[in-house]
Amino acid sequence: MRLRRKRPQPLGRQKLRGDDLAPTPSAFAYRARRSKEARVVGRQVQADTPRPDQVRTTNIWLQRFGLIILLIAGVASLINVLTLSSAAKIILLNDNSSQALLRPLSVYQRAADQQLADSIWNRNKITVDTGRISQQLLHQFPELSSVSMTVPLLAHRPLVYVEPARPALILIAGNGSFAIGDNGQALLAATNPALVGQTSTLPVVDDQSGLNVQLNRRALSADTVSFIQTVVAQLAAKQFVASTMTLPVGASELDVHLSGQPYFVKFNLESNNPTGEAGTFLATITQLRRQNITPGQYVDVRVDGRAYYK
């Protein structure tokens, strides 16, 4: 059997598919498509990116908002700094004078707080009337020689500085007995409980002119009070105790009665030399004791450098 090679059959006509009919994309079409895609992406990026005027407006509003915040914080801080408390702090000008206070510090504290609370203008450091409050406290408490109120720069409590007027003597007047301060001002009635424990240590002066004393008013001159204090101190240094003193009617004279002695000493208030007159008396009485002489009525030292006795 003889084998023959098969001859290839002609392909003939075949139906072409739609995919086979699609034209092959060219390089120009590819570049056009990429360019279109780039334009679309660019428009999206441009849409997402804010314009310069939008950025400028946003920054302006942010700056304004920051300034408003700073302004509010500044105003709040200013209000806080200027606010004044209605609780004052009482400070003694001299700590050693605390024993001379006739009232507890809490009494002055409450009075100062009441003065601050009486007016809304006393709630801040600008409108508070420190002078008026100081004068009212000084008038309310005549035993204080000075009162001053200051406003702290950063703190809120006002400071009230008080200086007590030390009771110098007890004055027996026509309308009662009164504690007299260093400046001659009537501080309190001698029966005031605030003077308990102090009246026994104060010299007593009997005014025989019938003087009517008013509280917070001058009863004696400051020079007279100083004269009496100096004489009492000079005599006490030599063991002479002034029991009572008298201001005679119509005379610038001070009669000092000594405890345990039958005589009194006449001093001249107008001489303004209490130390010299007291020294003259002490020298005279020393000389008389050496001679065993005791005055029976008085020793008069009103003439400068001289002494007379009876």
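Bear in mind that the values in this text are calculations on the coordinates, not laboratory data. Keep in mind that this is a model prediction, so the values were computed, not measured. Neighbour counts are summed over all protein chains in view; Cβ atoms, including those assigned to glycine, are modelled from backbone coordinates with ideal geometry.
Suppose the chain between residue 286 and residue 124 were pulled fully straight at 0.36 nm per residue; how much longer would it get relative to their current alpha carbon spacing?
Here the segment from residue 286 to residue 124 would lengthen by 51.7 nm.
Under a crude label model (7 Å from the Cα following the beta-carbon direction), how far is residue 217 from residue 106 in nanometres?
The two pseudo-label positions are separated by 3.4 nm.
Tally Lys/Arg at +1 and Asp/Glu at -1 over every other residue whose Cβ is under 9 Å from the Cβ of residue 245; what's the total?
-2
Among 257, 139, which comes first, second and so on when ranked by fewest other beta-carbon atoms within 10 Å?
Placing the least packed residue first, the sequence is 139, 257.
Quick one: net charge of residue 146's neighbours, Cβ under 13 Å, K/R +1, D/E -1?
-2
Once the Cβ-Cβ distance between residue 156 and residue 65 is put in as r, and R0 is 45 Å, what FRET efficiency do you end up with, to the nearest 0.05?
0.90
Calculate the FRET efficiency for residue 297 and residue 252 from the Cβ-Cβ distance with a Förster distance of 25 Å, rounded to the nearest 0.05.
So, using R0 = 25 Å, E works out to roughly 0.75.
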